[in-house]
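Student: This structure is in structure tokens; I'll ask about it shortly.
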Amino acid sequence: TLLYTIKFEIMGESAVDLTICSTDDIGSRLCDFVKARYDEAVSARGKFHVAVSGGSLPKFLKGLSRRDDMDWSKWWIYFCDERYVAVDHPDSNYLALKQHLLSQLTDAQQSTLEKQILKINSSVPVEESAKEYERELKTRLPSLQLDLALCGMGPDGHTCSLFPGHSLLQEEALLVAPIRDSPKPPSQRITMTYPLLRKCHNVAFVVTWSKWWIYFCDERYVSLDHPDSNYLALKQHLLSQLTDAQQSTLEKQILKINSSVPVEESAKEYERELKARLPSLQLLEQVVDLLL
């Protein structure tokens, strides 16, 4: 069930929709969203150029295979990031997409689509692999404007293979970059960078509740059940709409104030716990940078 959609703007330019739905509905809602972007792209430009991520995202795309009104010859697929491994390696994002989406298509559809998926070359050094990927991307899509980038998000707030505090967050020359020191294994990957992602017609972040860690920009020094409590407002308008399991998970990941100690000590406790939970102290820095 769709709970609500928030529409807002960043710097008066980038329109942003935040759609919150139950975990069970993520797949169908995401497929509806992708189909709408597909229709727009094919109507306007005749093709649909889409970049996908790995992790849990490919499994949410399975429902697209059941769409009778989809012309798979119009699809051109890229990867927001990819692990520097062979295409049949368990860590491969391509393999995940193949297992959850391609395998559900007819042989003819698979044959057509396979030719239009841009995979990495793991037989050359990772730096050369990234260069090859960028060259081929420019050949297939001279405008460099992807119709849609489907991004995930890790518990530390990383998206693609752009990690908090990493030098690639400042990369402005390369559209596709190599990374040899990923904080998350495998250490070697290639990733799209901000300059390319900013050119996209649409960027979607698909995030499940288990990855939400919530803090308060400010909080009233009152008990959690007090009418003035920001936590209580969040609970009434968001948490109460979730399933019991989702609420249970998220409650553990919300940092609340302690109003049973003096306000000065409460602030110190909050800062200590924030540093323990988020050593980088970077709250979604890369997502904000991307939207700006």
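The values are calculated or read from the model by the stated rules, or taken from the named source; none is laboratory data. Please read these numbers as outputs of a predicted model, since none were measured by experiment. In this analysis, Cβ positions are derived from the backbone assuming ideal geometry, glycine residues included, and neighbour counts consider all displayed protein chains. Protein only, heavy atoms only, side chains kept; ligands, DNA and RNA dropped before computing areas. Shrake-Rupley method; radii C 1.70, N 1.55, O 1.52, S 1.80 Å.
Student: Filter the range 151-174 for residues that are over 24 Å from Ser92 (Cβ atoms) and part of a helix (DSSP H, G or I) and give the result.
Tutor: Ser167, Leu169, Gln170
Student: Being touching a residue at least 60 places away in the same chain (Cβ under 8 Å), in contact with a helix residue (DSSP H, G or I) (Cβ under 9 Å, 6 or more places away or on another chain) and surrounded by fewer than 19 Cβ atoms within 10 Å (Cβ to Cβ) is the requirement here; does Thr208 meet it? Can you show your working first?
Tutor: Values: touching a residue at least 60 places away in the same chain (Cβ under 8 Å): yes; in contact with a helix residue (DSSP H, G or I) (Cβ under 9 Å, 6 or more places away or on another chain): yes; surrounded by fewer than 19 Cβ atoms within 10 Å (Cβ to Cβ): yes.
Spelling it out, Thr208 is indeed touching a residue at least 60 places away in the same chain (Cβ under 8 Å), in contact with a helix residue (DSSP H, G or I) (Cβ under 9 Å, 6 or more places away or on another chain) and surrounded by fewer than 19 Cβ atoms within 10 Å (Cβ to Cβ).
Student: To continue, here is another question. Do you know which of the residues in the range 172-195 that are open to solvent by 40 Å² or more (accessible area, probe 1.4 Å) and in contact with a helix residue (DSSP H, G or I) (Cβ under 9 Å, 6 or more places away or on another chain) is farthest from Ser123 (Cα to Cα)?
Tutor: Out of the qualifying residues, it is Glu172.
Student: Before we move on, is Thr1 surrounded by 13 or more Cβ atoms within 10 Å (Cβ to Cβ), touching a helix residue (DSSP H, G or I) at 6+ places or on another chain (Cβ under 8 Å), modelled with pLDDT under 90 and over 20 Å from Leu137 (Cα atoms)?
Tutor: No: the conditions fail for Thr1.
Student: While we're here: Looking only at residues that are polar (S, T, N, Q), in a loop (DSSP other than H, G, I, E, B) and under 26 Å from Asp25 (Cβ atoms) in the range 228-254, which one is most open to solvent (accessible area, probe 1.4 Å)?
Tutor: Applying the filter and picking the extreme gives Thr243.
Student: In contact with a Leu (Cβ under 6 Å, 6 or more places away or on another chain), in contact (Cβ under 8 Å) with a residue 40 or more places away in the chain and not in a loop (DSSP other than H, G, I, E, B) - does that describe any residue in the range 105-113?
Tutor: No - not one qualifying residue is present in the range 105-113.
Student: May I ask you to verify whether Asp225 is under 29 Å from Leu148 (Cα atoms), assigned to a loop (DSSP other than H, G, I, E, B), of a type in the set (Asp, Glu) and open to solvent by 40 Å² or more (accessible area, probe 1.4 Å)?
Tutor: no
Student: Determine whether the range 124-143 contains at least one residue that is under 26 Å from Arg67 (Cα atoms), of a type in the set (A, V, I, L, M), surrounded by fewer than 22 Cβ atoms within 10 Å (Cβ to Cβ) and touching a residue at least 40 places away in the same chain (Cβ under 8 Å).
Tutor: yes
Student: While we're on this one: I need every pair where a residue in the range 240-257 that is at pLDDT 90 or above has its Cβ under 9 Å from the Cβ of a residue that is among the charged types (D, E, K, R) and open to solvent by less than 50 Å² (accessible area, probe 1.4 Å), sequence separation at least 6 or different chains.
Tutor: Lys256/Glu219; Ile257/Glu219
Student: Still on this structure, please answer the following. Checking the structure you have, find out if any residue of the range 104-120 is touching a Ser or Thr at 6+ places or on another chain (Cβ under 8 Å) and under 23 Å from Ile179 (Cβ atoms).
Tutor: Yes, the range 104-120 contains at least one residue that is touching a Ser or Thr at 6+ places or on another chain (Cβ under 8 Å) and under 23 Å from Ile179 (Cβ atoms).
Student: Against the conditions (1) part of a helix (DSSP H, G or I); (2) at pLDDT 85 or above, where does Asp24 fall short? Just the number, please.
Tutor: It fails just one condition, (2).
Student: Same structure, new question: Anything in the range 185-197 that is in a loop (DSSP other than H, G, I, E, B) and more than 18 Å from Val52 (Cβ to Cβ)? List them, or say none.
Tutor: Residues satisfying the conditions are Pro185, Pro186, Ser187, Gln188.
Student: Moving on to the next point. Only one residue in Thr208, Thr243, Thr191 is polar (S, T, N, Q) and in contact with an Asp or Glu (Cβ under 8 Å, 6 or more places away or on another chain), so which one is that?
Tutor: After ruling out the rest, the residue left standing is Thr191.
Student: Which residues, taken from the range 85-123, are β-branched (Val, Ile, Thr) and open to solvent by less than 30 Å² (accessible area, probe 1.4 Å)?
Tutor: Val85, Ile117, Ile120
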